[in-house]
Amino acid sequence: MSADLDTLITNNFTDNIAYFKENHSDIFNKLSEFEMAVENGFYELKYELIYENNAFDVLELATQNTLYQNDANRYAQMATESVDSSVEENTFETFYDYSFWDDEVQKYEKLKDFSTVFQGIAPIIHYIKNHAPRTKKLQELKKFIFFGIGLGLHVESISQKHTPKVLFLVEDDLELFRLSMFTLNYKELAKKSRLFFSVFDEKDTFLKKSEVFLNYKYYLNHYIKFFQMLSMNDTKREQFHIAVSSQSHQTFFYNDLLKEYLKPLHNIMQNYKFINTGSTLSNRELDRKPFLLIASGPSLSKNIVWLKNNHQKFVIVALSATIKYLQEQDVHVDIITHLDAFEAAKGHFDEIEDMRYFRDAICIFSDKIPSDVLELFNKDNIFLFENGTRYKQDSLKPAAPCVGSISYQILLLLGVKNIYLLGLDMAINAQTGKTHSSSHKYVQNVDTNKTLSNEATLKYKETLFEIDGNLSSKVLTTPHFYTSLQSINSSSRHFKKEYQNVYNLSDGARFQGIFPLSTGDIKLKDKVLKPQALYRQLNKNTSKELSEQELRRLRIKLNKAKMIIEHLTNILNKQYATKELFLTELKSLHIYILHAEDEELTRVLNSYLHSILSFIFDFFNTKGLTDTPLHVEQINDMLLSHLIDICNYYLSKINEEL
């Protein structure tokens with residue numbers, strides 16, 4: 001190796017160490033730990049960087065094989081030639097490919113009640129499909145992913161040719177990544193592209209980093225091209241597919257968010273009680289009896305005989321979807337939890353013949369559930385919490401994606417000392433493919449052959465992949481369940497106190513920080529609570545209606561909403577000389593919405609922008625697009641008009657309650 005080449009790789013490595021120390025401390029720390037492990041003899045090097053035939057290569061010491069077969073430069077060239085502007089291969093589609101007939105669009109354009117997500121997206125998507133060139137080619141590759149970095153020569157050459165704005169670099173082999181620091185100058189690469197890294201990461205960490213990558217300039221996500229080295233297995237690519245399908249705007253639509261955020265005001269004005277922060281279900285009496293949280297996973301029916309024989313030993317906390325089944329099995333319910341604001345959720349109660357069975361049950365409900373559900377229960381026993389809204393200053397505000405995960409979080413926040421989980425599987429029944437216990441009103445059967453490796457298109461509630469099991473070594477789950485599983489793990493990390501013990505009795509997914517336990521191994525004695533012990537404890541710290549301060553905050557929200565409308569109207573009335581000016585305006589709008597202070601309205605607007613902006617940015621990134629001034633005018637009118645409609649609807653519904 002020549003002196004010049006030796007200087008080059010030394011400078012690269014020195015620059016990279018400084019770059020990672022300053023910008024990516026997690027990678028810098030991994031590299032430091034790796035160096036210490038080698039120095040102390042805890043790790044034996046597997047590779048050696050070599051230079052032969054005017055090219056770098058990696059020699060695997062155990063086999064004497066080389067990574068690039070002595071032609072790394074040729075590999076980089078071939079890799080670069082394989083990446084083009086088409087969207088047919090090596091591309092993540094991060095959107096639902098909707099299509100609409102003309103009469104459907106006309107119907108959606110007439111809607112004013114936000115009863116469907118299509119009210120705001122159908123007109124724009126329909127316009128784009130009608131005016132886009134028939135052959136789809138990308139003008140620029142805005143975001144790009146490398147699955148496998150190797151020595152990074154192909155990373156440099158592909159980046160030089162296509163100049164992507166954002167790069168996600170994924171490498172599972174830490175030692176190999178360290179060698180790339182001699183041959184690729186990441187500091188220089190970062191001057192041209194925003195870099196995101198996942199190096200030697202476990203699944204959960206990788207998914208979090210994928211989410212960060214997707215959220216950064218999300219409007220560029222529509223088509224994300226990637227290159228995968230043959231030496232890299234498919235695991236990380238499949239996991240990124242999960243991250244794509246689990247994006248919040250695709251699993252919970254903006255119009256539903258809008259209605260859910262407005263519903264609590266009605267319930268507040270009806271004088272329902274709200275649990276305050278600092279409330280507790282822990283005292284000397286309650287701490288003597290464990291709480292059993294019952295969800296409707298497949299493990300519920302598997303363990304029903306045990307439950308019937310032992311339910312009196314627990315404070316039974318039942319998800320609303322389970323109470324009909326528990327009534328049929330004569331299992332006493334102490335606390336009922338309910339989250340969903342949708343009318344379909346009322347189906348859990350419709351077939352219950354005698355609601356008097358639950359007349360003494362404590363109801364811990366979301367503040368956004370329908371009035372006709374609330375009216376089924378004793379009002380004095382109903383305790384509401386806020387979920388996603390901030391109308392009341394001191395109310396309990398748990399956050400989780402489903403009723404099971406939010407019920408678990410609530411028990412942690414209320415300081416329950418001993419918690420047992422049953423039916424919180426977050427996995428399917430491997431034999432039957434059932435998503436829930438057979439008693440669940442909306443149980444589904446999933447095809448167990450629809451595994452991640454067999455599916456070209458990932459479906460959020462149907463595609464299966466393997467994870468660690470609680471009582472079994474491995475179980476099958478879906479992206480939908482996995483989102484809730486991550487929420488449960490997050491709740492344990494952030495809210496579980498040292499004095500709290502949690503046991504998982506379900507034959508489903510394994511949770512972090514929660515002890516697996518078979519029902520046969522539980523040894524408990526009956527502990528009888530005094531009448532109304534739960535009610536008295538929970539009722540100590542509640543509030544009703546809106547205080548004067550909370551009313552002032554609400555009026556401030558209304559004024560800010562009017563300011564947002566004024567800002568949007570100004571954009572609507574602007575003329576744009578080029579598409580670049582228009583897209584720059586949309587980027588500024590995204591930042592403006594993101595930093596506006598009205599929490600509920602801005603979350604709705606932000607969700608809508610996540611749903612539609614990538615369609616717009618991709619449309620103007622299409623090769624061969626003509627008549628761009630006309631498209632800018634039409635799309636600006638549709639987009640801004642709908643944003644203003646959202647704001648006006650929000651204002652009108654709040655004013656109705658005041």
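The values are calculated or read from the model by the stated rules, or taken from the named source; none is laboratory data. These numbers were taken from a predicted model, which means no experiment stands behind them. Cβ placement follows ideal geometry from the backbone for every residue including glycine, while neighbour counts extend to all protein chains displayed. Calculation scope for accessible area: heavy atoms of the full protein, side chains included, ligands and nucleic acids excluded. Shrake-Rupley method; radii C 1.70, N 1.55, O 1.52, S 1.80 Å.
Couple of notes before you dig in:
- Assuming charge only on the beta carbon of Lys and Arg (+1) and of Asp and Glu (-1), the dipole of the stretch 618-657 about its Cα centre is about 140 debye to the nearest 20.
- Taking θ as phi - 60° and the Karplus parameters 6.51, -1.76 and 1.60, the scalar couplings of the stretch 212-227 work out to 4, 4, 5, 6, 6, 6, 4, 5, 9, 7, 2, 10, 10, 7, 8, 10 Hz in sequence order, x denoting glycine and proline.
- The chain: antiparallel DSSP beta bridges as a percent of all, rounded to 5: 35 percent
- When the listed pairs 273/562; 110/653; 302/324; 110/579 are checked against a 21 Å cut-off, the alpha-carbon distance exceeds it for 273/562; 110/579.
- Subtracting the Cα-Cα distance of residue 269 and residue 343 from 0.36 nm times their residue separation leaves 24.6 nm of extension gain.
- Of the GluC sites (Glu not before Pro) in the stretch 517-578, those whose Cβ has at most 12 other Cβ within 10 Å and which sit in DSSP loop: none
- Each residue, residue 216 and residue 36, gets one label point 7 Å from its Cα in the Cβ direction; the gap between the two is 2.7 nm.
- Amide H contacts of residue 418: 291, 501, each under 5 Å away and 5 or more positions distant or on a separate chain (H built 1.01 Å from N in the peptide plane; Pro and chain starts excluded).
- Projecting the Cα atoms of 516, 533, 608 onto the charge dipole of the chain, computed from C-beta unit charges around the Cα centre, puts 533 farthest toward the positive end.
- Estimated at 0.36 nm per residue, the fully extended path between residue 530 and residue 399 surpasses their Cα-Cα distance by 44.0 nm.
- Distant-in-sequence amide H partners of residue 277 (H built 1.01 Å from N, under 5 Å): 395, 396
- Karplus-derived 3J(HN,Hα), 6.51/-1.76/1.60, for each residue of the stretch 59-65, Hz, glycine and proline x: 9, 7, 5, 5, 10, 6, 7
- Check: the stretch 1-85 dipole with +1 on Lys, Arg Cβ and -1 on Asp, Glu Cβ, in debye: 100 debye
- Taking amide hydrogens as placed 1.01 Å from N in the peptide plane, the amide H of residue 47 sits under 5 Å from those of 61, each at least 5 positions away in sequence or on another chain.
- Of 236/497; 46/187; 112/346; 142/236; 308/397, those spanning more than 30 Å from alpha-carbon to alpha-carbon: 236/497; 308/397
- Taking 7 Å steps out from each Cα toward its Cβ at residue 375 and residue 50 produces label points 8.1 nm apart.
- For the chain, a simple Cβ point-charge model (Lys and Arg +1, Asp and Glu -1, everything else neutral) yields a dipole of about 2180 debye relative to the Cα centre.
- Per residue, the stretch 524-607 exposes an accessible area of 60 Å² to a 1.4 Å probe, with every protein chain left in place.
- Ordering 85, 51, 131 by the projection of their Cα atoms onto the charge dipole of the stretch 1-146, which places +1 on the Cβ of Lys and Arg and -1 on the Cβ of Asp and Glu, puts 131 at the extreme positive end.
- Apportionment of accessible area to carbon and sulfur, the chain, percent (1.4 Å): 47 percent
- MRE, 222 nm, helices only [DSSP H, n ≥ 4, -39500 (n - 2.57), over the chain, to nearest 500]: -14000 deg cm²/dmol
- Hits among aspartates and glutamates - C-alpha to C-alpha of residue 574 under 20 Å, sequence gap 8 or more where chains match: 566, 585, 627, 633, 637, 645
- Nearby aspartates and glutamates by direct alpha-carbon distance to residue 587 (threshold 15 angstrom, same-chain neighbours under 8 apart not counted): 618
- Candidate cross-link partners of residue 525 among the aspartates and glutamates, defined by an alpha-carbon separation under 17 Å and a same-chain spacing of 8 or more, comprise 285, 287.
- The string of couplings for the stretch 388-398 from the Karplus curve (6.51, -1.76, 1.60, θ = phi - 60°) is x, 10, 9, 7, 9, 6, 10, 6, 5, 10, x Hz, one whole number per residue in order, with x for Gly and Pro.
- Å² per residue, accessible surface of the stretch 42-123 at 1.4 Å: 63 Å²
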